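Report on the following structure.
The values are calculated or read from the model by the stated rules, or taken from the named source; none is laboratory data. All of these numbers come straight from a predicted model, not from anything done at the bench. Don't worry about glycine lacking a Cβ; one is built from the backbone with ideal geometry, like all the others, and counts go over all protein chains shown. Surface areas here come from the heavy atoms of the whole protein model, side chains and all, with no ligands, DNA or RNA. Shrake-Rupley method; radii C 1.70, N 1.55, O 1.52, S 1.80 Å.
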Amino acid sequence: MAVIKNVAIAGASGNIGPHVLKALLEANFNVTVLTRSQASKDYGAKVKVVEADFNSVNSLTAALENQDAVISTIGKSGSEKQRLLIDAAVTAGVYRFVPSEFGSCTTSPKVADLPFYSTLATVRNYLIEKAASSALTYSIVAPGCFMEYLLAFPAAIDFKNHSVAFIDGGNTRVSVTSLATFARAVAAVFDHSDETENRVVYVSEAILSQRQLLELARNVNPEIQWTIRDIKSADILKAGLDAIASGGDGLQAYGNILLATVFGEAYSSAYDTNDNSLLGVEVITEERLKALVADRLDQTVRPNTPN
Ligand SMILES: NC(=O)c1ccc[n+]([C@@H]2O[C@H](COP(=O)([O-])OP(=O)(O)OC[C@H]3O[C@@H](n4cnc5c(N)ncnc54)[C@H](OP(=O)(O)O)[C@@H]3O)[C@@H](O)[C@H]2O)c1
């Protein structure tokens, strides 16, 4: 088995990267942060920080010297740049590359031509092509929707205003994983390099639908009156595509595309078959789910509260 010890992370200063960085350190990898600029960032004494020019393969190749693996948590605006990072990984003799995807239905052929997803597909296909002709290997990590994002995204269920718009009936089942669990699973991918080589690795801490989320909320507080309506994923998708066609680049555009594809009944993203046991991921308990929902509702749920 190829042993991975030295791991470089690109995008560690973003929203998702810090969770992965923490988990890699906790799993005792030698971690190097690859960044465009280290100004005003403190990653701690255990981390080596290397500034690189993400427009230069030479710069990135030098930065990846002696690295066994690269994980990219680069955000949407730099997604295309990952192709240069992949080229650099090949030249530097890196063994494993994990691209920045981390989504629900990102690998579904049904979304491959949609904005946002098409960039992910381009990078993924490039990586697969490079892996076929070099010593580089890859893992695509699919954690579903991040729990923290799902619970904070009012378009999925609005806990603050007690309203929900069911998309295609609200029964679409979606895999969901918390950021900490996802990050530990990434570290476990590197510890199980053979079993996770050249494939999609599925992580699923829970499978939830909008209706199940509402049920959990009603369970936490039966007194709350909810405003419920129905919408179609096709209409949300069209709104997103129209917004992009008129030059939109924000939540209205990409948020709608994500919403339609994550909760639309046509796009399956429930990982009933997954890599949880390989990666040491445990399914979240009903009790914990209720506590998380209660937190969003600003209610108090004590563990073991009978209902
Ligand atoms: N499944 C979900 O629910 C979910 C939710 C959110 C995000 N995600 C996914 O998680 C990944 C990371 O998202 P994020 O929100 O953490 O991203 P982010 O905060 O927007 O960006 C992360 C980092 O990427 C680097 N970066 C940005 N633009 C770059 C460029 N042009 N060239 C090179 N590097 C650049 C920056 O690091 P430096 O400044 O240090 O170079 C930045 O801090 C994405 O693939 C996203 O789709 C999934």
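Values computed for the structure shown
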quantity	calculated
Whole-number percent relative contact order across the stretch 58-161, with pairs defined as alpha carbons under 8 Å at least 6 apart	29
Karplus (6.51, -1.76, 1.60) ³J(HN,Hα), θ = phi - 60°, over the stretch 199-207, in Hz, Gly and Pro reported as x	7, 7, 10, 9, 10, 8, 7, 7, 10
Translational diffusion coefficient (Stokes-Einstein; Kirkwood radius from C-alpha pairs) of the stretch 6-159 at 37 °C, 0.692 mPa s, in µm²/s	204
Inter-label distance, nm, simple model (7 Å from Cα along the C-beta direction), THR273/SER56	4.7
FRET efficiency for ARG229 and ASN125, using Cβ-Cβ distance with R0 set to 45 Å, rounded to 0.05	0.70
The stretch 209-261: projected area of the alpha-carbon convex hull, averaged over directions, in nm²	4.4
Mean separation of Cα contacts under 8 Å (6+ apart) over length of the chain, as relative contact order %	17
For PHE97, residues with placed amide H under 5 Å, excluding near neighbours	VAL70, THR137, TYR138, SER139
Contour minus Cα-Cα distance for ARG288 and GLU215 (0.36 nm per residue)	24.8 nm
For the chain, accessible area per residue (1.4 Å probe, heavy atoms of protein chains only), Å²	47
Cα long-axis angle, helix 179-191 against the chain (0 to 90 degrees, to the nearest 10)	40
Quarter of Cα convex hull surface for the stretch 195-305, i.e. mean projection, nm²	10.1
Percent accessible area from carbon and sulfur atoms, the chain, protein chains only, probe 1.4 Å	48
For the stretch 263-276, 3J(HN,Hα) per residue [Karplus equation, 6.51 cos²θ - 1.76 cosθ + 1.60, θ = phi - 60°, Hz, x = Gly/Pro]	9, x, 5, 6, 10, 7, 9, 9, 8, 5, 9, 8, 10, 3
Sorted peptide list for 250-262, 173-185, 73-85, criterion being average Cβ within 10 angstrom, highest first	173-185, 250-262, 73-85
In the chain, lysine pairs closer than 18 Å at Cα, eight or more apart or cross-chain	10
For the chain: rounded, prolate or oblate by the Cα gyration tensor [a/c cutoff 1.5]	prolate
The stretch 66-112 - Rg and Dmax from Cα coordinates, angstrom	12.0, 38
Relative contact order (%) - the stretch 1-69, alpha-carbon pairs under 8 angstrom, separation at least six	34
Between helix 210-220 and the chain: long-axis angle, C-alpha atoms, 0 to 90°, nearest 10	60
Phi-based couplings in Hz for the stretch 106-112 (Karplus 6.51, -1.76, 1.60; Gly and Pro marked x)	4, 8, 6, x, 5, 10, 4
